[in-house]
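Written below as structure tokens is the structure these notes are about.
The values are calculated or read from the model by the stated rules, or taken from the named source; none is laboratory data. What you see is a predicted model; the values in this text were computed from it and never measured. Reconstructed Cβ throughout: ideal geometry from the backbone, glycine too, with neighbour counts over all protein chains shown. Ligands, DNA and RNA are stripped out before the accessible areas are found, and what is left, the full protein with its side chains, is counted by its heavy atoms. Shrake-Rupley method; radii C 1.70, N 1.55, O 1.52, S 1.80 Å.
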Amino acid sequence: MTVTANMSMSLDGFVNHPTDGVDTLFGWYSRGDVVTETVGDQDWEFKTDAHEAEGLEDAKSSLGAILYGRRSFDAAGGWNGLHPLGVPVVVLTHRVPESWPREGSSVHFVTEGGVSAAIAKGQELGGGQTVVIGSADLTQQALNEGLLDELTVDLVAAMLGEGTRFFDNLKGAPYELEQTSVRPGNGVTHLGYRVVKH
């Protein structure tokens, strides 16, 4: 079972900005006319060009579960209980939020055991499919513990200047990566790497 990290990142290495919201880093999800289907009762809709839509469909077909931290869960409003990609979500947090878990929700919480326990939960829920980490902090922890197999970066043609860096706190650096893919997009370049483990 593959463990992959994926985030949209600015050219200067940030995955968010204190005041920008999601417009700059995630604008590429809405710059085309091909719709990739999502689930749930949210306003999420992926509208990309045909090439990027094909990449999204490929990613969806192999996706088993997604891991996030509490900050991402809060910012997304818990995805109203159902992630738009329709897969189980594992949230690593110190405390389960009030009114959660909810009936009919695909969001699960791990409060003990750190990132390794969260990955194990994702593997259990994902039925052997790929577990994707969507958090900078959890990606860093997984790298440091030797738990990350792959890394994909949606490199956005923008510079944010400040925010959360995707690759801080790397205790085991240097890490060797083998490039596996490069796909140009609309204002974004999609990069894939395998983490070389010695």
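Summed over the range 142-179, the residues that are of a type in the set (D, E, K, R), part of a loop (DSSP other than H, G, I, E, B) and either open to solvent by 80 Å² or more (accessible area, probe 1.4 Å) or farther than 17 Å from Val3 by Cα (or both) give a count of 5.
Just one of the listed residues (Val131, Val195) is modelled with pLDDT of 90 or more and within 22 Å of Arg71 (Cβ to Cβ), namely Val131.
For the range 129-141, the set of residues classified as over 22 Å from His198 (Cβ atoms) and open to solvent by 40 Å² or more (accessible area, probe 1.4 Å) consists of Gln129, Asp137, listed by residue number. Going residue by residue through the range 109-124, is there one that turns out to be assigned to a strand (DSSP E or B), open to solvent by less than 60 Å² (accessible area, probe 1.4 Å) and at pLDDT 95 or above? Within the range 109-124, one or more residues are assigned to a strand (DSSP E or B), open to solvent by less than 60 Å² (accessible area, probe 1.4 Å) and at pLDDT 95 or above. Residues in the range 139-186 that are within 15 Å of the chain's Cα centre (by Cα) and of a type in the set (Lys, Arg): Arg165 alone. Taking the range 182-198 as the range and being closer than 18 Å to Thr130 by Cβ and surrounded by 12 or more Cβ atoms within 10 Å (Cβ to Cβ) as the test, the residues that pass are Arg183, His190, Leu191, Gly192, Tyr193, Arg194, Val195.
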